[in-house]
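A.B. asks: Okay, here's the structure, questions in a sec.
Just so you know, all these numbers are worked out from the coordinates, no wet-lab data involved. Just so it is clear, the structure is predicted and the values come from calculations on it, not from any experiment. Cβ placement follows ideal geometry from the backbone for every residue including glycine, while neighbour counts extend to all protein chains displayed.
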Amino acid sequence: MRAVVVLLLWSSTVLAQPRRLAPLAVVPADSQLLARLDLLLPASGPAPDHREGLLAFCRKLEKERSKFSGDESFLRHVFQRVGQDYYQRFVAYQPFSQLLESGVYNCVSGTALHFIILERLGFLPIIRETTTHSYLLVALPHRTLLIETTDPANGILVDPMHIWVREQRYANGRPAASISLENLQGLALFNQGLVCYQRKDFAATRSLLGAAAQLYPASERITTLQHWLAGRSEREPGATGVAASE
């Protein structure tokens, strides 16, 4: 009888324990976050206080983590806080620096910001690229979440069927690819190159495309535009036929 009582007491104690978060991956050092920012920001980019502000933002989120019952609820909190603290208005093709300076975001810069914040918090986000869009997948112990950074109100999908439908819509008949942050920055430079081309600043276009190709040499759209531009005179502007990531 005593053994049964002890077992019941032990079971009730275990059942009463609050559900804990999944163990964190090793949190990257602040120096890694700063290295990521060095990749994403130009040498003449935002003042150092923007970098320190992002570090402080991540540290505050890290301290708040224990208040949440699980990884999913914490991710929702992080997503909401990023939208509240950084997002002001959507403008396609603008560089990452504009997001930190004035809150101007798009799918590329928003995906980059969420990636480096989630990485700093110990998650393992995956950047996905389609012909016209980028977004994130985050693998948790028992499920994978999709994060649509351009939808601050309803940008987290958890239902596998909803995620599948959304990815099919993004892909538009062409499967999405997983890419690195360096590749994503290559796409950002490609977008800026398209803007310069539309302004007929062909020297800047070639320079940006060259830098983009170094970061994402396997990108078909970058190499296609490079070859197309190389075969045209600066006096022969025209439609490139190459899609940008908004």
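A.B. asks: Report the Cα centroid-to-centroid distance between segment 84-158 and segment 161-208 in angstrom, as an integer.
C.D. replies: Spelled out, the Cα-based centre of one part sits 14 Å from the other.
A.B. asks: Same structure again: Quick one: compute the contact order of segment 181-230, relative version, from alpha carbon pairs under 8 angstrom and 6+ residues apart, as a percent.
C.D. replies: Details: 48 pairs, mean separation 19.8, N = 50.
For segment 181-230, the relative contact order is 40 percent.
A.B. asks: Treating only the Cβ atoms of Lys and Arg (+1) and Asp and Glu (-1) as charged, compute the dipole magnitude of segment 30-179 about its Cα centre; round to the nearest 20 debye.
C.D. replies: So the magnitude is around 200 debye.
A.B. asks: Pull up all non-local amide H partners of Glu148: gap of 5 or more, or a different chain, and H-to-H distance under 5 Å with H placed in the peptide plane.
C.D. replies: Ile156, Leu157
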